[in-house]
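This report concerns only the one structure given below.
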Amino acid sequence: MADIILGIESSCDDTSAAVIKDGWLLSNVIASQQVHKDYGGVVPELASRAHEQNIVPVVSQALEKAGIQASDLTAIAFTRGPGLLGSLLVGTSFAKALSLSLDIPMVMVNHLQGHILANFIRQPDKPVREPSFPYLCLLVSGGNSQIVKVSGPLDYDILGQTIDDAVGEAFDKCSKMMGLGYPGGPVIDRLAKSGDPDRFHFAKPHIPRLDYSFSGIKTSLLYFVRDQLKEDPDFMEKNKEDICASFQKTLIDILMDKLIKASKQTGIREITIGGGVSANSGLRNRIEAEGKKRGWNTYLPEFKFTTDNAAMIAIAGWFHYLAGERTPLDIAPVSRMADF
Ligand code: KG4
């Protein structure tokens, strides 16, 4: 009999539900919360309230689009963490209630695992192309910058990670500093497309091993903009495309230097990326280009699976389910999760 898994994601500001059947995606519904736009960042209290309003219609739509009844479900996969506690509580509590009422098991998922396994979501109308194990995943989001060695669906080693800010944070904070808005990544990505990436130079960190640091480049950009504005108050407006292109190129260089090093050290040439920043067009082009040069097989998740979505939670949950894992009803969500 087929396994039909309902995925529920509510870790930040997207309420999402998805249905997969033996790994094939039947539906993926995402309600993105617009309420935070005016605040320049996610407001946790508002996020929880919006999840509470969205969760029932989003799950109903996911079931309807999948063409199934709740009684057809085999198990419920939900994000336990990391994320905003109030937001996670909505998804977790909903999963518990549904699990009890349908008398089916639930399986908890680490949100980051979802990003790492996003390339395994199979879509009926698309060719199947999945990385083979072991592969390296460059996991880049608003809260993480890691290189993870993935030896099996549930077998991970973190080879390197940021010692301070995440790369998405660097995009967001620097965008705010330049008055370009929130979230910064998509805005900088768009402006960078018409800018000169070699016009300005920002300091790159020298961090040992495979670890990252993104706090220095923030300061470097801050001083640069401040000094230039003293000379010309219109500097930002006149040069924002070039600044964004040069800044983005520096971030991509930093990410790629360590990814190349990790591939050389491990001999692994199966390369994937995941997390919100994996939507960045410059990073995607660069991974493809390096891949061609270095004989890597590269796997980039579709845009809709780069940001938060329940399809990736459902697929990760399915792997846990297949491994025999079941989550007890007294589980509590956690804002931080040390291990996968
Ligand atoms: O994975 P995600 O949706 O949320 C978590 O952090 O869990 O990632 C959000 C991050 C934000 O920092 C946002 O600026 C960044 O992903 N982002 C991008 C792009 N789209 C989203 N960064 C660079 N380029 C993009 N196109």
Please give the Cα centre distance for the range 296-316 versus the range 93-112, rounded to the nearest Å. 21
Quote the relative contact order of the range 135-304 in percent (integer), defining contacts as alpha-carbon pairs under 8 Å separated by 6+ residues. 27
log₁₀ I(q)/I(0) of the range 135-304 at q = 0.14 Å⁻¹, via Debye over equal Cα point scatterers, no solvent, to two decimals? -0.70
Below 8 Å between Cα atoms, with a sequence gap of 6+, how large is the relative contact order for the range 3-162 in percent? 21
Name the residues whose placed amide hydrogens come within less than 5 Å of the amide hydrogen of LEU26, ignoring near sequence neighbours (fewer than 5 apart) on the same chain. VAL19, ILE20, LYS21
Most fluctuating residue given options VAL43, VAL90, VAL277, as computed from a GNM of the chain linking Cα atoms under 10 Å: VAL43
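Determine the calculated [θ] at 222 nm for the chain from helices alone, applying -39500 (n - 2.57) to every DSSP H run no shorter than 4 residues and normalising by the residue count; nearest 500 deg cm²/dmol.
Working: 9 runs with 143 residues, N = 340.
Helices in the chain give a 222 nm mean residue ellipticity of -14000 deg cm²/dmol.
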Which one, ALA338, PRO186, VAL225, projects farthest toward the positive side of the charge dipole computed for the chain from Cβ point charges (K/R +1, D/E -1)? VAL225
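Leaving out ligands, DNA and RNA, and with a 1.4 Å probe, what % of the accessible surface on the range 95-199 is carbon or sulfur?
Numbers: 2180 of 4310 Å².
Roughly 51 percent of what the probe reaches on the range 95-199 is carbon or sulfur.
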Set the bar at 22 Å for Cα to Cα. Now go through LYS264/LYS293; LYS126/LYS264; LYS204/LYS292 and name every pair that lies beyond it. LYS126/LYS264; LYS204/LYS292
From the P(r) of the chain, could you give the percentage of C-alpha pairs in the tail past 38 Å? 17
In Å², and per residue, what accessible area does the chain have when probed at 1.4 Å with the other protein chains present? 44
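The values are calculated or read from the model by the stated rules, or taken from the named source; none is laboratory data. Computed from a predicted model, the values in this text were never measured in an experiment. Every residue, glycine as well, gets a Cβ built from its backbone with ideal geometry; the counts of neighbours run over all protein chains shown. For the accessible areas, the whole protein counts, side chains as well, though only heavy atoms, and no ligand, DNA or RNA atoms are used. Shrake-Rupley method; radii C 1.70, N 1.55, O 1.52, S 1.80 Å.
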